[in-house]
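To start, the structure under review is shown below, and the notes come after it.
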Amino acid sequence: MNAALKIDQLNVDQILERVKAMALQYFDQQDTLSPGKFIPDISMEILPEHGMGAHAALDYFSVHYAGKITNSAGPRYFGFVTGGSTPAAVAGDWLVSAYDQNACGSNDSIAPQLEKQTIHFFHQLFGLDQEFFGSFVTGATIANMVGLAIGRQWIGEQHHIDISNEGLTHCPPIKIISASPHSSVLKSLSMLGLGRKSVITIPTLPDREAIDILELENYLRTNPEPCIVVANAGTVNTVDFDDLEAIGKLKSLYPFWLHVDAAFGGFAACSEKYKHHLLGINDADSITIDAHKWLNVPYDAAMQFTRHPKLQLKVFQNSAAYLGDPAQRPDFFHYTPENSRRFRALPSWFTLMAYGKEGYCEMVERNCCAANYFGECIEQSEHFILLAPVRMNVVCFTLNQENITFDFIQQFLNAVRDDGRVFFTSTLYKGTPAIRAAISNWQTKQEDLELAFEVLTSVLKKLTDVNQATTNLA
Ligand SMILES: *Cc1c(COP(=O)(O)O)cnc(C)c1O
């Protein structure tokens, strides 16, 4: 055995102790570490000929890189819709790496069974029918891809074509019908050979991101070919929800596959206050829900659900002599894009066991309450304009200035990032350059939003003063 490896094998305890200390230091800095910083490109180093061992690698990492880690998992990172990692989720995730199970098969580890158990928890958390088959994938993008791949297989069947074997050559063009699809849906369509241009965009209701049901029905009536409808349960800009119940009713009249992208909006189900948004979700053929966002587990976890596991098996079955007959052993690797699979259900299992339904209800409602508070600050301020009502946990707003450009929004957000106390990302909302505050972290409190508002106003004042001075000089 290599000498460095041999030494490490004997010193696993010390190595893990050091990692624990570093992780604790990260948690201890929650109030001081910047949620985002600009890091200039690092220089690419030469691969060591002789390894230095884990201790020296930890030293090297601490000296060169640890200081550049940001508090993006902390309470004042409001970019995208991310979330951090609950203590129980971190515990689960550490064990995933230590145990390193391959959650693919069914007869050599508890891992796949615990994955099924975790999916069973999610049925209950989200109020999904037990008939939904579910599995873990790496993120909502892949969950969307899986749902659309099964939908594609279903469309093939309507034309008596087994697309998993025949490909798309003899299949009429497949249309994807949606009002405000997430960018990952377009990426999935590219990966699936359906093409980004296969999307037919249906108008939204006025001042909304939700689909206009009459327009949808009109399309379905005049285009009788089977198609895929991608409904949104929580858009990223304004957390708008398509009327899933109404879309479900259309299923008895027109032939379509209903895929629901509920990446983070699915967590509305945790709260009595918000769960009405998801009425009708059980009419879906496939559903996407992320775990590494509002569940607050580490990255690399989302769930895909479908009512049609047989079709899913057709798409993803991985036939090889040594893998057994999928009909006899319905193992996960016959259902998911991955063959070898990380035991990525475990952090979710831990956090659900640790905090339960009530814990997630409290987190979702606290985050939404903080968003409401922040939305009120924005609405009452002369410097900002609220672009949409705050429905749940995202506040979409812009600067109250004429001819606001995307570049200026970005310049402003870079200055906010460099201030070091809060972090936001930009967006384009119905053509208007805008800012989003997404609140989905388990630690976030109203005080964090109070500070965020203070930072936004003071940074804006500084930036406007500087720009004014420059204009005066010119
Ligand atoms: C984040 C998100 C996705 C993509 O999820 P990843 O986990 O980043 O792959 C898809 N749809 C919606 C609505 C999202 O919010």
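The values are calculated or read from the model by the stated rules, or taken from the named source; none is laboratory data. This structure is a prediction, so every number in the text was calculated from the model and none was measured. Because the Cβ atoms are built from the backbone with ideal geometry, glycine has one as well, and the counts that use them run over all protein chains shown.
A few points about this structure:
- Filter result (among the aliphatic types (A, V, I, L, M), outside any loop (DSSP other than H, G, I, E, B) and surrounded by 12 or more Cβ atoms within 10 Å (Cβ to Cβ)) within segment 18-36: 19, 22, 23
- Number of positions in segment 204-228 that are in a loop (DSSP other than H, G, I, E, B), under 30 Å from residue 389 (Cα atoms) and not acidic (Asp, Glu): 4
- One residue stands out in segment 192-203 among those that are assigned to a helix (DSSP H, G or I) and out of contact with any Pro (no Cβ under 9 Å at 6 or more places or on another chain): the one that is nearest to residue 286 (Cα to Cα), namely 196.
- Of the set (1) surrounded by fewer than 24 Cβ atoms within 10 Å (Cβ to Cβ); (2) more than 11 Å from the ligand (Cβ to nearest atom); (3) among the aromatic types (Phe, Trp, Tyr); (4) within 18 Å of the chain's Cα centre (by Cα), all apply to residue 299 but (2).
- Restricting attention to segment 202-233 and to residues that are of a type in the set (S, T, N, Q) and more than 22 Å from residue 264 (Cα to Cα), the residue that is farthest from the ligand (Cβ to nearest atom) turns out to be 222.
- The set of residues in segment 413-434 that are touching a helix residue (DSSP H, G or I) at 6+ places or on another chain (Cβ under 6 Å) and crowded, with 20+ Cβ neighbours inside 10 Å comprises 416, 422, 423, 424.
- Across segment 126-159, the number of residues qualifying as away from the ligand (no atom under 16 Å from the Cβ) and either of a type in the set (Lys, Arg) or part of a helix (DSSP H, G or I) (or both) comes to 8.
- When residues of segment 70-96 are limited to those that are among the hydroxyl-bearing types (Ser, Thr, Tyr) and either within 15 Å of the ligand (Cβ to nearest atom) or at pLDDT below 95 (or both), the one nearest to residue 234 (Cα to Cα): 82
- Matching residues, segment 176-233, being more than 19 Å from residue 141 (Cβ to Cβ), touching a Ser or Thr at 6+ places or on another chain (Cβ under 9 Å) and surrounded by fewer than 17 Cβ atoms within 10 Å (Cβ to Cβ): 200, 201, 215
- The residue pairs whose first member lies in segment 130-144 and is within 18 Å of residue 83 (Cβ to Cβ) and in contact (Cβ under 8 Å) with a residue 40 or more places away in the chain, whose second member is more than 16 Å from the ligand (Cβ to nearest atom) and in a helix (DSSP H, G or I), and whose beta carbons are closer than 9 Å, counting only pairs six or more residues apart or on different chains, are 136/115; 136/118; 136/119; 136/332.
- Top-ranked residue of segment 234-258 - restricted to ones that are within 15 Å of the ligand (Cβ to nearest atom) and in a loop (DSSP other than H, G, I, E, B), ranked as surrounded by the fewest Cβ atoms within 10 Å (Cβ to Cβ): 237
- Within segment 340-365, residues that are more than 13 Å from residue 442 (Cβ to Cβ) and crowded, with 24+ Cβ neighbours inside 10 Å sit with their Cβ atoms under 9 Å from residues that are basic (Lys, Arg) and at pLDDT 95 or above, at 6+ positions apart or across chains, in these pairs: 345/116.
- Flag for residue 80 being in a loop (DSSP other than H, G, I, E, B), surrounded by 13 or more Cβ atoms within 10 Å (Cβ to Cβ) and aromatic (Phe, Trp, Tyr): yes
- Condition met for residue 180 (within 15 Å of the ligand (Cβ to nearest atom), among the hydroxyl-bearing types (Ser, Thr, Tyr) and touching a strand residue (DSSP E or B) at 6+ places or on another chain (Cβ under 9 Å)): yes
- Taken as a whole, the structure leaves residue 58 outside the set of residues that are among the hydrophobic types (A, V, I, L, M, F, W, C) and within 19 Å of residue 351 (Cβ to Cβ).
- Residues (farther than 14 Å from residue 286 by Cβ and of a type in the set (Gly, Ala, Ser)) located in segment 140-160: 156
- When 390, 395 are screened for being within 22 Å of the chain's Cα centre (by Cα), part of a strand (DSSP E or B) and crowded, with 20+ Cβ neighbours inside 10 Å, only 395 passes.
- If the condition is being touching a helix residue (DSSP H, G or I) at 6+ places or on another chain (Cβ under 7 Å), assigned to a helix (DSSP H, G or I) and crowded, with 19+ Cβ neighbours inside 10 Å, then segment 366-386 contributes 370, 374, 377.
- For residue 205, the conditions (1) closer than 19 Å to residue 154 by Cα; (2) over 19 Å from the mean Cα position of the chain (by Cα); (3) among the hydrophobic types (A, V, I, L, M, F, W, C) are fulfilled apart from (1).
- The sole residue among 291, 371, 327, 321 that is of a type in the set (A, V, I, L, M, F, W, C), at pLDDT 95 or above and either away from the ligand (no atom under 16 Å from the Cβ) or within 19 Å of residue 126 (Cβ to Cβ) (or both) is 291.
- Single match in 69, 15, 46, 39 (criterion: surrounded by fewer than 14 Cβ atoms within 10 Å (Cβ to Cβ), touching a residue at least 24 places away in the same chain (Cβ under 8 Å) and among the β-branched types (Val, Ile, Thr)): 39
- Residue 41 meets the stated requirement of being more than 16 Å from the ligand (Cβ to nearest atom), of a type outside the set (Gly, Ala, Ser) and assigned to a loop (DSSP other than H, G, I, E, B).
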